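The block underneath contains the structure these notes are about, expressed in structure tokens.
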Amino acid sequence: MPKPIIAVPADIREFDGTTWHAAQNQYVRAALKVADVMSFIIPAFEAGNDTDALLDRVDGLLVSGSATNVHPSLYGGEFRESDGPFDPARDATTLPMIRRAIERGIPLLAICRGIQELNVALGGTLATEIQEQEGVWDHRKPQHADRDVMYSIRQDVVVAEGSCIARYLGTGRIPVNSLHRQAISKTAPSLQVEAIADDGTIEAVSVIGAKGFAIGVQWHPEYWAESDKPSRAIFEAFGDAVRDYVKARG
């Protein structure tokens with residue numbers, strides 16, 4: 001059977017005065033090397049993409065992390081320039097794709113910004129600059145020249161018993177590399193909380209009643225997917241779900 005193909009929505013980036021549609025290597029590498037699937041990078045446009053036409057041509061959807069944040073206008077939040085940078089073209093691309101992938105039963109893995117997009121797409125809200133809230137840790141990535149240090153596994157999350165991700169990770173405490181300034185505030189009605197940090201930050205969710213694999217994690221399993229057991233387990237589970245979807249579709 002040919003290797004399945006997943007969609008990875010792009011970020012808009014500016015290099016040398018030119019606009020690029022870009023995806024980070026860690027995500028597409030983890031998809032290829034661990035999930036054993038290939039990737040199509042989907043250009044991000046504020047208008048013009050045909051969501052169903054794109055999803056017709058892929059077997060899964062991976063919504064990656066990013067340096068940008070979901071625009072607060074999409075969840076009724078207060079706009080502050082300091083909560084940026086923003087990427088409205090990515091927002092306009094990912095939110096419809098997330099909703100339609102869930103409706104069609106296309107396997108979905110949402111990571112970091114992706115879990116926030118998943119929550120907003122389904123009617124939830126986000127908290128900004130969570131490190132400023134009383135009792136909440138500083139989850140931001142440390143500034144360091146070595147990215148392995150920056151993305152090192154440094155905190156635990158607690159996986160709920162009976163949750164979807166418990167099938168792959170087990171229950172209880174799991175060490176992860178959770179690096180973010182924003183987090184889920186009000187959970188979307190159709191999302192179930194799967195894991196939390198000790199400070200109460202929501203770290204993983206699943207879609208209630210989903211036809212297929214539909215999970216979001218706030219941490220970065222892509223970074224250590226080839227060497228860290230829990231990180232690998234998430235990408236392997238996603239890859240298995242993609243192959244199951246291909247078989248079921250015929």
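The values are calculated or read from the model by the stated rules, or taken from the named source; none is laboratory data. The structure presented is a predicted model; accordingly, all values stated were derived computationally and were not measured. Glycine gets a Cβ as well: all are built from the backbone with ideal geometry, and neighbour counts include every protein chain shown. Side chains included, ligands, DNA and RNA excluded: accessible areas come from the protein's heavy atoms. Shrake-Rupley method; radii C 1.70, N 1.55, O 1.52, S 1.80 Å.
Some observations on this one:
- In the stretch 1-108, chymotrypsin sites (Phe, Trp or Tyr not before Pro) in a DSSP loop with at most 11 other beta-carbon atoms within 10 Å: Phe79
- Reachable aspartates and glutamates from Lys247, criterion Cα separation under 19 angstrom, eight or more residues apart if same chain: Asp36, Asp56, Asp59, Glu103, Glu236
- Length-normalised contact order of the stretch 77-236 in % [C-alpha pairs under 8 Å, at least 6 apart]: 27
- Longest DSSP-loop-exposure-free segment, GluC sites (Glu not before Pro), the chain, at most 10 other Cβ within 10 Å: 162-250
- Summarising the label geometry, the points placed 7 Å from Cα in the beta-carbon direction at Val149 and Thr171 lie 3.9 nm from one another.
- Cross-link reach list, lysines versus Lys33, counting only Cα pairs under 18 Å and skipping chain neighbours closer than eight places: Lys3, Lys229
- Put simply, the C-alpha atoms of the chain give a gyration tensor, and the ellipsoid matching it has half-axes of 24, 22, 18 Å, longest first.
- For the stretch 137-250, a crude dipole built from +1 on the beta carbon of Lys and Arg and -1 on the beta carbon of Asp and Glu, taken about the Cα centre, is about 400 debye to the nearest 20.
- For the pair Asp16 and Val193, label points projected 7 Å from Cα toward Cβ lie 4.8 nm apart.
- Ordered by 1.4 Å accessible area with all protein chains kept, Asp156, Asp148, Asp91 run largest first as Asp148, Asp156, Asp91.
- Of the trypsin sites (Lys or Arg not before Pro) in the stretch 49-97, the ones in a loop by DSSP (not H, G, I, E or B) with at most 11 other beta carbons within 10 Å are Arg57, Arg80.
- The chain - mean residue ellipticity at 222 nm from DSSP helices (-39,500 (n - 2.57) per run, n ≥ 4, rounded to 500): -7500 deg cm²/dmol
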